[in-house]
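Have a look at the structure below, then the notes.
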Amino acid sequence: MSKTYIPPQLILPVGDRDHSMGTPEANVVLVEYGDYQCPFCGAAYPVVKRVQKELGSQLRFIFRNFPITNAHPFAEWAAETAEAAAAQGKFWPMHDFLYENQRLLGSETPFVKEEASLGLDAARVGREVAQRAYSSRIEEDFMSGVRSGVNGTPTFFINGTRYDGPAEYEELLSSLRRAAKGSGSPKK
Amino acid sequence: MPRIPEAKNSILKAGERAPGFTLNTTPDQSVSLKDFLGRPVVLAFYPADWSPVCTDQMGLYAQVMPEFRRFEAEVLGISVDGIWSHLAFSKDRKLNFPLLADFEPKGAVSQAYGVYEARTGESARALFVIDKKGVIRWSYLSPDGVNPGADGILAALEKLE
């Protein structure tokens, strides 16, 4: 339809508040808005791991919460759990564990066990999740996504521009490579 | 029987009067655009209920409803699906706003807004923000296959104030 279509732009720049993997010097920044209970995000999870491995230090990856609570009854709980783990310095291990064990969502036992094996204070995690201690941060992530044109999960932004292609390895990798070529200097 | 509005070839633009309509939302309830005079209205035309994605456009709007309510805006989803499909879809996705059936004559309201895809027999993905006086203040036709989010709607509602 429109020949001058410009995809939406990320309105909340990547910053210290974010959960980030990779160095700030990376020349490509991939931001994902995701939901831990969404099967499409679960399918995208190994794709992101693969592009991270492939691009190495060229890529910085950021994850923001976009729990679709009206469709996914455990999405909020999972987001709170990851944030509570983050408060004890273990965001990424818990993020990975949640995506690798999506089918277990709804039962707390395996996640409590994992918290213990990660060396987390599981009682504290449980307390914080019950109190929804990180709800304002999750809401901030969610609304920043809404205002940036997130239209479902997962939604990716590459160097601040919404990626409208499929969440599949070849397509995502070639878009990231194009973005890397196009950026001479590190991007925010 | 409501008057059938005139069909348009291209999407209505900001500044044009929003064509009036009355459409069913349940077997025994109908909604008219004029019911909402005095409040902003968001019209979200979409191709079909049951699109196979996690959060479709309508599910997203349901979740963003508190933001829309800050502007006292009413959200109406419109597709050519019939009321029974709408009811089941709405229940399944826990939607908290009405879905209108542009079912008979098929697509007449979509055509009046210039957003009917004759090729597929469905509404295009198109958004309208209508002010409290019934004038279109923003319209957007989404490119093929791209599901618009809520960002454009919220920006347009902000500008109404």
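The values are calculated or read from the model by the stated rules, or taken from the named source; none is laboratory data. Note that the structure is a prediction, hence the values are computed from the model and not measured. In this analysis, Cβ positions are derived from the backbone assuming ideal geometry, glycine residues included, and neighbour counts consider all displayed protein chains. Please note that ligands, DNA and RNA were not included when accessible areas were found on the heavy atoms of the full protein model with its side chains. Shrake-Rupley method; radii C 1.70, N 1.55, O 1.52, S 1.80 Å.
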Task: Accessible area (Å², 1.4 Å probe, nearest 10) - B:Arg93 - done: 40
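Which sequence of B:Ile136, A:Ile6 reflects their accessible areas, 1.4 Å probe, from the largest down? Spell out each step's value before the answer.
Details: B:Ile136 0, A:Ile6 125 Å².
Largest accessible area first, the residues go A:Ile6, B:Ile136.
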Open item on the list: Within the stretch A:1-41, name every residue whose backbone N is under 14 Å away from a label modeled 7 Å from Cα of B:Thr120 along the Cβ vector.
Closed with: A:1-2
TODO: State, as an integer percentage, the relative contact order of chain B based on alpha-carbon contacts under 8 Å between residues 6 or more apart.
DONE: 33
Task: Entries in A:Lys49/A:Lys90; B:Lys8/B:Lys132; B:Lys106/B:Lys159; A:Lys113/B:Lys91; B:Lys34/B:Lys106; B:Lys94/B:Lys133 that, when Cα-Cα distance is taken, lie over 27 Å - done: B:Lys106/B:Lys159; A:Lys113/B:Lys91; B:Lys94/B:Lys133
- [ ] Using the Karplus curve 6.51 cos²θ - 1.76 cosθ + 1.60 with θ = phi - 60°, work out ³J(HN,Hα) for each residue of the stretch B:23-39 in order, rounded to whole Hz, and write x for Gly and Pro.
- [x] 9, 6, 10, 9, x, 10, 10, 10, 10, 10, 4, 5, 4, 9, 4, x, 9
TODO: Give, in whole angstrom and from largest to smallest, the semi-axes √(5λ) of the equivalent ellipsoid of the stretch B:32-151, with λ running over the eigenvalues of the Cα gyration tensor.
DONE: 20, 17, 14
- [ ] Please give the helix A:91-100 orientation as an angle from the longest Cα principal axis of chain A, in degrees from 0 to 90, rounded to the nearest 10.
- [x] 90
Task: Estimated FRET transfer efficiency when R0 is 22 angstrom, pair B:Arg39-B:Lys13 (beta carbons, to 0.05) - done: 0.55
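Only bridges whose two residues both fall in the stretch A:30-188 count here: according to DSSP, what percent of them are antiparallel, nearest 5?
Details: 7 of 12 bridges.
Antiparallel: roughly 60 percent of the beta bridges in the stretch A:30-188.
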Task: Relative contact order of chain A, pairs being alpha-carbon contacts under 8 Å that are 6 or more residues apart, as % - done: 38
Task: Descending Cα extents along the principal axes, the stretch A:1-126, whole Å - done: 52, 34, 25
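Taking each pair of different alpha-carbon atoms in the protein assembly as shown once, compute 1/r for the pair, average those values, and report the inverse of that mean as the Kirkwood hydrodynamic radius in Å to one decimal. Please report the intermediate quantities before stating the final value.
Numbers: mean 1/r = 0.0464 Å⁻¹.
21.6 Å is the Kirkwood radius here.
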Open item on the list: With a 1.4 Å probe and all protein chains kept in place, how much accessible area does A:Glu25 have, in Å² rounded to the nearest 10?
Closed with: 130
TODO: Only residues of the stretch A:126-154 count here: report those whose backbone N is under 19 Å from the spot 7 Å along Cα→Cβ of A:Ser174, or say none.
DONE: none
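What is the gain in length, in nm to one decimal, between A:His19 and A:Val112 on full extension, counting 0.36 nm per residue of separation less the C-alpha to C-alpha distance? Before the final figure, lay out each step's value.
Numbers: separation 93, 0.36 × 93 = 33.48 nm, distance 2.15 nm.
Gain on stretching A:His19 to A:Val112: 31.3 nm.
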Open item on the list: Taking the 0 to 90 degree range and rounding to the nearest ten, how far is the long axis of helix A:135-147 tilted relative to the main principal axis of chain A, both from C-alpha atoms?
Closed with: 20
